[in-house]
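Encoded as C-alpha coordinates, the structure appears first; notes follow it.
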Amino acid sequence: VYASGKNAFSFPLANLEDEERTRFAIGNSFFKRNWVEAPASTTARDGLGPHFIARACAGCHLLDGRGAPPDWSRTVGPEPDPTVALLLRLSVPGTPTPHLGVVPEPTYGDQFNNAAIAGVKPEGRVEITSQPLHGRFADGTRYTLQQPRYHLVDLGYGPMARDVMVGPRIAPQLAGIGLLEAISEADIEDNVRVQAASAGPVKGQVNRVWDAFANAERVGRFGWKANVASLAHQTAGAFNGDMGITTSVFAKESCTAGQADCLAAPSGGPAHGKSPEIDDDTLAQVVFYQATLAPVARRQATDPQVLRGQALFAQAQCTACHRPSYVTDEGPFPPMTSAKLARQRIWPYTDLLLHDMGDALADGRPDFQANGKQWKTPPLWGVGMIKAVNGHQRLLHDGRANGVLEAVLWHGGEAKPAQERVLKMSVAERQALVKFVESL
(Lines give C-alpha, C1' and ligand atoms only; values in the text may rest on other atoms or scores of the structure.)
Protein backbone atom coordinates (compact mmCIF):
# COMPACT_ATOMS: atom_id res chain seq x y z
CA VAL A 1 0.00 0.00 0.00
CA TYR A 2 1.05 3.60 -0.56
CA ALA A 3 1.09 5.00 2.95
CA SER A 4 3.03 7.36 5.18
CA GLY A 5 2.84 8.66 8.73
CA LYS A 6 2.32 6.84 12.01
CA ASN A 7 -0.14 4.27 10.63
CA ALA A 8 1.95 3.26 7.62
CA PHE A 9 2.45 -0.33 8.89
CA SER A 10 -1.19 -0.87 9.89
CA PHE A 11 -3.09 -1.17 6.59
CA PRO A 12 -4.49 -4.44 5.21
CA LEU A 13 -3.26 -5.94 1.95
CA ALA A 14 -4.70 -3.92 -0.91
CA ASN A 15 -6.25 -6.99 -2.56
CA LEU A 16 -8.41 -8.19 0.37
CA GLU A 17 -12.14 -8.65 -0.09
CA ASP A 18 -14.68 -6.98 2.23
CA GLU A 19 -15.21 -10.14 4.28
CA GLU A 20 -11.47 -10.44 4.86
CA ARG A 21 -11.24 -6.79 5.86
CA THR A 22 -13.86 -7.46 8.54
CA ARG A 23 -11.76 -10.36 9.79
CA PHE A 24 -8.71 -8.09 9.72
CA ALA A 25 -10.52 -5.56 11.93
CA ILE A 26 -11.49 -8.22 14.48
CA GLY A 27 -7.91 -9.50 14.67
CA ASN A 28 -6.69 -5.92 15.03
CA SER A 29 -8.90 -5.48 18.10
CA PHE A 30 -7.49 -8.52 19.88
CA PHE A 31 -3.95 -7.58 18.83
CA LYS A 32 -4.10 -4.08 20.30
CA ARG A 33 -6.36 -4.36 23.36
CA ASN A 34 -4.88 -5.11 26.79
CA TRP A 35 -5.41 -8.46 28.48
CA VAL A 36 -6.28 -8.47 32.19
CA GLU A 37 -5.81 -10.78 35.16
CA ALA A 38 -8.15 -13.73 35.65
CA PRO A 39 -10.81 -14.24 36.77
CA ALA A 40 -12.60 -11.37 35.05
CA SER A 41 -16.00 -12.62 33.96
CA THR A 42 -16.90 -9.37 32.20
CA THR A 43 -14.22 -9.60 29.53
CA ALA A 44 -13.07 -12.07 26.92
CA ARG A 45 -9.53 -10.84 27.46
CA ASP A 46 -8.69 -12.33 30.84
CA GLY A 47 -5.86 -14.69 31.73
CA LEU A 48 -2.86 -12.31 31.78
CA GLY A 49 0.22 -13.69 33.48
CA PRO A 50 1.25 -14.89 36.04
CA HIS A 51 4.51 -13.60 34.51
CA PHE A 52 4.55 -11.33 31.48
CA ILE A 53 6.42 -8.54 29.72
CA ALA A 54 3.44 -6.90 27.96
CA ARG A 55 -0.33 -6.70 28.33
CA ALA A 56 -1.03 -6.72 24.58
CA CYS A 57 0.70 -7.69 21.34
CA ALA A 58 0.83 -3.98 20.53
CA GLY A 59 2.72 -3.36 23.76
CA CYS A 60 5.86 -4.54 21.96
CA HIS A 61 4.76 -4.01 18.34
CA LEU A 62 3.50 -0.46 18.83
CA LEU A 63 1.51 0.62 15.74
CA ASP A 64 2.56 -2.71 14.20
CA GLY A 65 6.08 -1.30 14.13
CA ARG A 66 9.50 -1.89 15.58
CA GLY A 67 10.38 -1.71 19.24
CA ALA A 68 13.33 0.19 20.64
CA PRO A 69 15.68 -0.53 23.52
CA PRO A 70 15.26 1.61 26.62
CA ASP A 71 17.58 4.47 27.39
CA TRP A 72 20.73 2.59 28.42
CA SER A 73 21.31 5.07 31.23
CA ARG A 74 18.22 3.90 33.12
CA THR A 75 16.67 0.69 34.41
CA VAL A 76 13.94 -1.40 32.79
CA GLY A 77 11.18 -2.67 35.11
CA PRO A 78 9.80 -3.97 37.30
CA GLU A 79 6.61 -2.64 35.67
CA PRO A 80 6.64 -2.95 31.87
CA ASP A 81 7.18 0.28 29.98
CA PRO A 82 4.81 0.33 26.98
CA THR A 83 7.60 1.85 24.86
CA VAL A 84 10.00 -0.97 25.72
CA ALA A 85 9.93 -4.01 23.45
CA LEU A 86 13.06 -5.74 24.68
CA LEU A 87 12.89 -9.47 25.35
CA LEU A 88 15.74 -11.44 26.90
CA ARG A 89 15.92 -15.10 25.89
CA LEU A 90 17.53 -17.48 28.41
CA SER A 91 19.10 -20.93 28.06
CA VAL A 92 21.95 -23.07 29.34
CA PRO A 93 24.32 -25.41 27.49
CA GLY A 94 23.10 -28.92 26.86
CA THR A 95 21.19 -31.08 24.40
CA PRO A 96 17.79 -29.51 23.71
CA THR A 97 14.61 -31.41 23.02
CA PRO A 98 13.70 -31.51 19.31
CA HIS A 99 10.58 -29.40 19.94
CA LEU A 100 12.17 -26.54 21.90
CA GLY A 101 15.58 -25.94 20.34
CA VAL A 102 17.22 -24.78 23.59
CA VAL A 103 17.69 -25.94 27.18
CA PRO A 104 15.82 -23.43 29.39
CA GLU A 105 17.45 -21.92 32.46
CA PRO A 106 16.22 -24.24 35.27
CA THR A 107 14.58 -21.57 37.46
CA TYR A 108 13.64 -18.79 35.05
CA GLY A 109 12.77 -20.74 31.91
CA ASP A 110 13.55 -19.68 28.37
CA GLN A 111 12.83 -15.95 28.74
CA PHE A 112 13.08 -13.27 31.41
CA ASN A 113 9.77 -11.69 32.44
CA ASN A 114 10.05 -8.49 34.44
CA ALA A 115 6.36 -8.14 35.32
CA ALA A 116 3.80 -10.23 37.18
CA ILE A 117 0.20 -10.18 38.38
CA ALA A 118 -0.70 -9.43 42.01
CA GLY A 119 0.64 -11.99 44.44
CA VAL A 120 3.40 -13.20 42.11
CA LYS A 121 6.97 -11.97 42.15
CA PRO A 122 8.43 -10.48 38.97
CA GLU A 123 11.44 -12.43 37.82
CA GLY A 124 13.61 -9.33 38.21
CA ARG A 125 14.88 -6.26 36.42
CA VAL A 126 17.16 -5.59 33.51
CA GLU A 127 19.91 -3.02 33.73
CA ILE A 128 21.71 -2.02 30.54
CA THR A 129 25.05 -0.32 30.24
CA SER A 130 27.05 0.37 27.12
CA GLN A 131 30.66 0.61 26.03
CA PRO A 132 31.61 3.05 23.27
CA LEU A 133 33.48 1.62 20.29
CA HIS A 134 35.31 4.17 18.15
CA GLY A 135 36.28 3.91 14.51
CA ARG A 136 36.76 5.92 11.34
CA PHE A 137 35.97 5.74 7.65
CA ALA A 138 38.73 5.76 5.04
CA ASP A 139 38.14 9.49 4.47
CA GLY A 140 38.92 10.17 8.14
CA THR A 141 35.34 10.64 9.36
CA ARG A 142 35.03 9.31 12.89
CA TYR A 143 32.13 7.31 14.27
CA THR A 144 31.16 5.81 17.63
CA LEU A 145 29.06 2.71 18.20
CA GLN A 146 27.59 1.60 21.52
CA GLN A 147 28.12 -2.01 22.63
CA PRO A 148 25.30 -2.90 25.08
CA ARG A 149 25.78 -5.02 28.20
CA TYR A 150 22.82 -6.65 29.93
CA HIS A 151 22.60 -7.25 33.67
CA LEU A 152 19.76 -9.19 35.35
CA VAL A 153 19.26 -7.90 38.89
CA ASP A 154 16.82 -8.14 41.82
CA LEU A 155 16.11 -11.72 40.84
CA GLY A 156 12.84 -12.91 42.35
CA TYR A 157 13.69 -16.61 42.58
CA GLY A 158 17.34 -16.66 43.52
CA PRO A 159 20.47 -16.79 41.40
CA MET A 160 20.52 -18.06 37.84
CA ALA A 161 22.71 -20.86 36.59
CA ARG A 162 26.31 -19.71 36.29
CA ASP A 163 26.44 -20.76 32.64
CA VAL A 164 23.23 -19.00 31.61
CA MET A 165 23.21 -17.57 28.09
CA VAL A 166 21.26 -14.36 27.54
CA GLY A 167 19.99 -13.29 24.11
CA PRO A 168 18.39 -9.84 23.73
CA ARG A 169 15.63 -9.41 21.14
CA ILE A 170 13.79 -6.33 19.88
CA ALA A 171 10.30 -6.70 18.41
CA PRO A 172 10.46 -6.12 14.61
CA GLN A 173 7.89 -4.31 12.48
CA LEU A 174 5.16 -6.60 11.16
CA ALA A 175 4.09 -5.15 7.79
CA GLY A 176 4.49 -7.82 5.10
CA ILE A 177 5.05 -10.68 7.53
CA GLY A 178 2.40 -12.86 5.91
CA LEU A 179 4.09 -12.51 2.53
CA LEU A 180 7.35 -13.73 4.07
CA GLU A 181 5.50 -16.84 5.23
CA ALA A 182 4.22 -17.28 1.67
CA ILE A 183 7.75 -17.63 0.27
CA SER A 184 8.26 -21.30 -0.57
CA GLU A 185 10.72 -23.41 1.38
CA ALA A 186 12.23 -24.38 -1.98
CA ASP A 187 13.13 -20.73 -2.66
CA ILE A 188 14.78 -20.39 0.76
CA GLU A 189 16.74 -23.60 0.27
CA ASP A 190 17.73 -22.42 -3.22
CA ASN A 191 19.37 -19.39 -1.57
CA VAL A 192 21.64 -21.83 0.25
CA ARG A 193 22.65 -23.52 -3.00
CA VAL A 194 23.32 -20.24 -4.81
CA GLN A 195 25.52 -18.93 -2.00
CA ALA A 196 27.38 -22.23 -1.63
CA ALA A 197 28.25 -22.13 -5.33
CA SER A 198 29.34 -18.48 -5.28
CA ALA A 199 32.77 -17.11 -4.51
CA GLY A 200 33.26 -15.22 -1.27
CA PRO A 201 32.47 -15.77 2.40
CA VAL A 202 28.65 -15.59 2.28
CA LYS A 203 27.40 -19.12 2.96
CA GLY A 204 23.96 -19.03 4.50
CA GLN A 205 22.19 -21.90 6.22
CA VAL A 206 18.57 -22.71 6.94
CA ASN A 207 17.46 -23.27 10.51
CA ARG A 208 15.26 -26.36 10.70
CA VAL A 209 12.87 -26.01 13.61
CA TRP A 210 9.81 -27.67 15.14
CA ASP A 211 6.47 -26.15 14.18
CA ALA A 212 3.73 -26.90 16.71
CA PHE A 213 0.93 -26.26 14.20
CA ALA A 214 2.32 -28.41 11.40
CA ASN A 215 3.44 -30.96 14.03
CA ALA A 216 6.60 -31.38 11.98
CA GLU A 217 10.07 -29.98 11.40
CA ARG A 218 10.10 -27.09 8.95
CA VAL A 219 12.41 -24.38 7.65
CA GLY A 220 12.60 -21.50 10.15
CA ARG A 221 11.93 -17.99 8.88
CA PHE A 222 10.69 -15.87 11.84
CA GLY A 223 12.62 -14.66 14.87
CA TRP A 224 16.10 -13.15 14.89
CA LYS A 225 17.63 -16.62 14.58
CA ALA A 226 14.93 -18.02 12.25
CA ASN A 227 13.85 -20.23 15.16
CA VAL A 228 10.15 -20.25 14.21
CA ALA A 229 8.64 -21.63 11.01
CA SER A 230 5.09 -20.26 10.97
CA LEU A 231 3.25 -17.12 11.94
CA ALA A 232 0.73 -19.22 13.89
CA HIS A 233 3.50 -20.75 16.02
CA GLN A 234 5.15 -17.35 16.50
CA THR A 235 1.87 -15.77 17.63
CA ALA A 236 0.79 -18.55 20.00
CA GLY A 237 4.31 -18.67 21.44
CA ALA A 238 4.27 -14.92 22.07
CA PHE A 239 0.86 -15.09 23.74
CA ASN A 240 2.23 -17.78 26.04
CA GLY A 241 5.71 -16.42 26.75
CA ASP A 242 5.16 -12.66 26.62
CA MET A 243 1.68 -12.37 28.16
CA GLY A 244 1.08 -15.69 29.92
CA ILE A 245 -1.94 -16.46 27.71
CA THR A 246 -2.45 -20.16 27.02
CA THR A 247 -3.67 -21.64 23.73
CA SER A 248 -4.69 -25.14 22.70
CA VAL A 249 -1.16 -25.62 21.34
CA PHE A 250 0.74 -24.03 24.23
CA ALA A 251 -1.60 -25.05 27.03
CA LYS A 252 0.73 -24.65 30.01
CA GLU A 253 1.92 -21.44 31.64
CA SER A 254 5.66 -20.85 31.58
CA CYS A 255 6.01 -21.19 35.36
CA THR A 256 8.94 -23.39 36.38
CA ALA A 257 9.13 -25.82 39.30
CA GLY A 258 11.06 -23.22 41.29
CA GLN A 259 8.30 -20.60 41.02
CA ALA A 260 5.66 -21.78 43.51
CA ASP A 261 3.73 -18.49 43.53
CA CYS A 262 3.51 -18.55 39.74
CA LEU A 263 2.18 -22.12 39.75
CA ALA A 264 -0.42 -21.24 42.40
CA ALA A 265 -1.66 -18.05 40.74
CA PRO A 266 -5.21 -17.70 39.32
CA SER A 267 -3.88 -18.06 35.77
CA GLY A 268 -1.13 -20.50 36.68
CA GLY A 269 -2.84 -23.56 35.27
CA PRO A 270 -6.07 -25.07 33.92
CA ALA A 271 -7.44 -25.67 37.43
CA HIS A 272 -7.60 -21.91 38.05
CA GLY A 273 -9.81 -20.82 35.18
CA LYS A 274 -10.66 -21.28 31.53
CA SER A 275 -8.26 -23.31 29.46
CA PRO A 276 -7.09 -22.33 26.98
CA GLU A 277 -7.24 -18.64 27.80
CA ILE A 278 -7.52 -17.66 24.14
CA ASP A 279 -9.70 -19.91 22.00
CA ASP A 280 -8.68 -21.18 18.58
CA ASP A 281 -11.01 -18.86 16.67
CA THR A 282 -9.70 -15.73 18.37
CA LEU A 283 -6.11 -16.83 17.92
CA ALA A 284 -6.84 -17.39 14.22
CA GLN A 285 -8.17 -13.83 13.91
CA VAL A 286 -4.97 -12.41 15.43
CA VAL A 287 -2.82 -14.52 13.10
CA PHE A 288 -4.90 -13.45 10.10
CA TYR A 289 -4.53 -9.80 11.09
CA GLN A 290 -0.74 -10.03 11.12
CA ALA A 291 -0.59 -12.16 7.98
CA THR A 292 -2.52 -9.56 6.00
CA LEU A 293 -0.66 -6.43 7.14
CA ALA A 294 0.53 -4.81 3.92
CA PRO A 295 4.11 -3.81 3.20
CA VAL A 296 4.60 -0.12 2.44
CA ALA A 297 5.13 0.61 -1.25
CA ARG A 298 8.58 1.71 -2.39
CA ARG A 299 9.28 5.44 -2.32
CA GLN A 300 11.50 7.69 -4.50
CA ALA A 301 12.50 4.75 -6.68
CA THR A 302 13.65 6.98 -9.56
CA ASP A 303 15.47 9.58 -7.46
CA PRO A 304 19.07 9.89 -8.80
CA GLN A 305 20.58 9.58 -5.32
CA VAL A 306 18.47 6.48 -4.62
CA LEU A 307 19.57 4.93 -7.92
CA ARG A 308 23.20 5.68 -7.06
CA GLY A 309 22.69 4.02 -3.67
CA GLN A 310 21.12 0.99 -5.32
CA ALA A 311 24.21 0.53 -7.49
CA LEU A 312 26.49 0.91 -4.44
CA PHE A 313 24.38 -1.61 -2.51
CA ALA A 314 24.97 -4.16 -5.25
CA GLN A 315 28.67 -3.29 -5.60
CA ALA A 316 29.19 -3.86 -1.87
CA GLN A 317 27.67 -7.34 -2.34
CA CYS A 318 24.84 -6.57 0.09
CA THR A 319 22.43 -8.44 -2.21
CA ALA A 320 24.28 -11.69 -1.48
CA CYS A 321 22.25 -11.90 1.75
CA HIS A 322 19.58 -9.26 1.19
CA ARG A 323 18.02 -10.99 -1.84
CA PRO A 324 15.74 -8.37 -3.39
CA SER A 325 12.75 -10.23 -4.76
CA TYR A 326 10.56 -13.36 -4.77
CA VAL A 327 7.28 -14.56 -6.19
CA THR A 328 5.24 -16.06 -3.38
CA ASP A 329 4.06 -19.65 -3.47
CA GLU A 330 0.79 -20.76 -5.06
CA GLY A 331 -0.53 -22.14 -1.78
CA PRO A 332 -2.68 -23.52 -0.35
CA PHE A 333 -1.91 -21.54 2.76
CA PRO A 334 -3.02 -22.27 6.33
CA PRO A 335 -6.66 -21.31 7.03
CA MET A 336 -5.42 -18.67 9.47
CA THR A 337 -3.94 -16.69 6.55
CA SER A 338 -5.23 -15.66 3.11
CA ALA A 339 -5.18 -16.97 -0.43
CA LYS A 340 -4.52 -13.36 -1.48
CA LEU A 341 -0.88 -13.93 -0.47
CA ALA A 342 -0.36 -16.31 -3.42
CA ARG A 343 1.64 -15.54 -6.57
CA GLN A 344 2.68 -12.04 -5.54
CA ARG A 345 5.94 -10.41 -6.68
CA ILE A 346 7.45 -9.00 -3.48
CA TRP A 347 10.65 -7.10 -2.64
CA PRO A 348 11.61 -7.84 0.99
CA TYR A 349 15.44 -7.86 0.59
CA THR A 350 16.21 -10.96 2.66
CA ASP A 351 17.33 -14.53 2.07
CA LEU A 352 15.77 -15.73 5.38
CA LEU A 353 19.00 -17.62 6.07
CA LEU A 354 21.38 -17.73 9.01
CA HIS A 355 24.78 -16.07 8.67
CA ASP A 356 27.80 -15.78 10.92
CA MET A 357 27.87 -12.05 11.66
CA GLY A 358 31.08 -12.03 13.71
CA ASP A 359 32.06 -11.70 17.35
CA ALA A 360 30.81 -8.16 17.93
CA LEU A 361 27.18 -9.10 17.24
CA ALA A 362 27.32 -12.60 18.74
CA ASP A 363 25.09 -13.41 21.71
CA GLY A 364 26.71 -16.82 22.19
CA ARG A 365 23.30 -18.49 22.43
CA PRO A 366 22.42 -21.39 20.08
CA ASP A 367 18.80 -21.92 19.02
CA PHE A 368 17.89 -25.11 17.14
CA GLN A 369 20.61 -25.27 14.44
CA ALA A 370 21.66 -21.62 14.77
CA ASN A 371 24.91 -21.09 16.63
CA GLY A 372 25.84 -18.20 18.90
CA LYS A 373 27.24 -16.06 16.06
CA GLN A 374 24.49 -16.58 13.51
CA TRP A 375 21.57 -14.28 12.77
CA LYS A 376 18.82 -14.39 10.17
CA THR A 377 19.05 -11.74 7.47
CA PRO A 378 16.30 -9.27 8.40
CA PRO A 379 14.07 -7.96 5.60
CA LEU A 380 14.77 -4.34 4.68
CA TRP A 381 11.39 -3.31 3.29
CA GLY A 382 9.81 -0.61 5.42
CA VAL A 383 13.05 0.35 7.21
CA GLY A 384 12.72 3.94 6.01
CA MET A 385 9.26 4.26 7.62
CA ILE A 386 10.25 3.17 11.15
CA LYS A 387 11.04 6.72 12.24
CA ALA A 388 7.65 8.00 11.04
CA VAL A 389 5.79 5.16 12.75
CA ASN A 390 7.80 4.64 15.93
CA GLY A 391 9.90 7.79 16.28
CA HIS A 392 13.29 6.09 16.23
CA GLN A 393 15.74 4.30 13.92
CA ARG A 394 16.99 1.52 16.19
CA LEU A 395 18.07 -1.49 14.11
CA LEU A 396 19.61 -4.96 14.54
CA HIS A 397 18.47 -7.70 16.91
CA ASP A 398 18.74 -5.60 20.07
CA GLY A 399 18.34 -2.10 18.64
CA ARG A 400 21.96 -1.15 19.23
CA ALA A 401 22.34 0.49 15.82
CA ASN A 402 21.00 4.02 15.45
CA GLY A 403 20.14 4.03 11.77
CA VAL A 404 21.12 2.16 8.62
CA LEU A 405 24.77 3.20 8.51
CA GLU A 406 25.45 2.09 12.09
CA ALA A 407 23.78 -1.24 11.32
CA VAL A 408 26.19 -1.74 8.40
CA LEU A 409 29.18 -0.86 10.59
CA TRP A 410 28.25 -3.66 13.02
CA HIS A 411 28.44 -6.24 10.22
CA GLY A 412 31.24 -8.78 10.65
CA GLY A 413 31.89 -12.43 9.89
CA GLU A 414 30.49 -13.33 6.47
CA ALA A 415 29.49 -9.68 5.96
CA LYS A 416 32.89 -8.22 6.84
CA PRO A 417 33.94 -7.63 3.18
CA ALA A 418 30.71 -5.67 2.57
CA GLN A 419 31.32 -3.59 5.69
CA GLU A 420 34.88 -2.86 4.55
CA ARG A 421 33.60 -1.65 1.17
CA VAL A 422 31.27 0.77 2.94
CA LEU A 423 34.12 2.02 5.12
CA LYS A 424 35.90 3.06 1.92
CA MET A 425 32.94 5.01 0.54
CA SER A 426 32.89 8.80 0.43
CA VAL A 427 30.38 10.83 2.41
CA ALA A 428 28.20 11.27 -0.68
CA GLU A 429 28.29 7.54 -1.42
CA ARG A 430 27.34 6.66 2.15
CA GLN A 431 24.44 9.08 2.03
CA ALA A 432 23.24 7.55 -1.24
CA LEU A 433 23.49 4.02 0.18
CA VAL A 434 21.40 4.97 3.20
CA LYS A 435 18.83 6.78 1.08
CA PHE A 436 18.41 3.69 -1.10
CA VAL A 437 17.85 1.39 1.88
CA GLU A 438 15.39 3.85 3.39
CA SER A 439 13.47 3.93 0.09
CA LEU A 440 12.65 0.22 0.25
Calculated [θ] (222 nm, deg cm²/dmol) that DSSP helices of n ≥ 4 give over the chain, each run adding -39,500 (n - 2.57): -7000 deg cm²/dmol
Could you give P(r) for region 275-412, binned at 5 Å from zero, as whole percent values over all Cα-Cα pairs? 2, 8, 12, 17, 18, 17, 15, 8, 3, 1, 0, 0
Connecting C-alpha atoms closer than 10 Å in a GNM of the chain, tell me which of Pro379, Pro39, Pro98 has the biggest fluctuation. Pro98
Using a 1.4 Å probe, how large is the accessible area of Val408, given in Å² and rounded to the nearest 10? 30
Given a 1.4 Å probe and every protein chain left where it sits, what share in percent of the accessible area of region 240-344 is carbon and sulfur? 55
Mind ordering 112-121, 324-333 by average Cβ neighbours within 10 Å, highest first? 112-121, 324-333
Between Gly94, Gly204, Gly399, find the one with the highest GNM mean-square fluctuation for the chain; connect C-alpha pairs within less than 10 Å. Gly94
Positive end of the charge dipole of the chain (Lys, Arg +1 and Asp, Glu -1 on Cβ, about the Cα centre): tell me which of Asn215, Ala229, Gly167 has its Cα farthest that way. Gly167
Counting alpha carbon pairs within less than 8 Å and at least 6 residues apart, what relative contact order, in whole percent, applies to region 102-170? 31
Both in Å, the radius of gyration and Dmax of the C-alpha trace of region 208-336 are 20.5, 64
Using a Gaussian network model of the chain whose springs link C-alpha atoms within less than 10 Å, name the residue from Asp363, Asp398, Asp351 with the highest mean-square fluctuation. Asp363
Please report the spacing between the Cα centers of region 323-352 and region 136-179 in Å, no decimals. 30
Treat every Asp and Glu Cβ in region 122-210 as -1 and every Lys and Arg Cβ as +1, leave all other atoms uncharged, and give the resulting dipole magnitude about the Cα centre to the nearest 20 debye. 400
Using a 10 Å cut-off on Cβ atoms, rank the peptides 156-165, 25-34 from the highest mean neighbour count down. 25-34, 156-165
What aspartates and glutamates could a cross-link reach from Lys340, if we take a straight Cα to Cα line under 14 Å and drop same-chain neighbours fewer than 8 places away? Glu17, Asp18, Glu19, Glu20, Glu181, Asp329, Glu330
Mind scanning Lys32/Lys225; Lys203/Lys225; Lys373/Lys416; Lys203/Lys416; Lys6/Lys435; Lys387/Lys416 and naming the pairs with a C-alpha gap bigger than 23 Å? Lys32/Lys225; Lys387/Lys416
Dipole-positive endmost among Thr302, Ala342, Val286 within region 282-370 (Cβ charges, Cα centre): Thr302
Compute from the Cα atoms of the chain the Rg and the Dmax, the latter being the longest Cα-Cα distance, and quote both in angstrom. 21.2, 66
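The values are calculated or read from the model by the stated rules, or taken from the named source; none is laboratory data. What you see is a predicted model; the values in this text were computed from it and never measured. Counting neighbours? That spans all protein chains shown, and the Cβs are built from the backbone with ideal geometry, glycine included. Side chains are part of the model used for accessible areas, which takes the heavy atoms of the whole protein and leaves out ligands, DNA and RNA. Shrake-Rupley method; radii C 1.70, N 1.55, O 1.52, S 1.80 Å.
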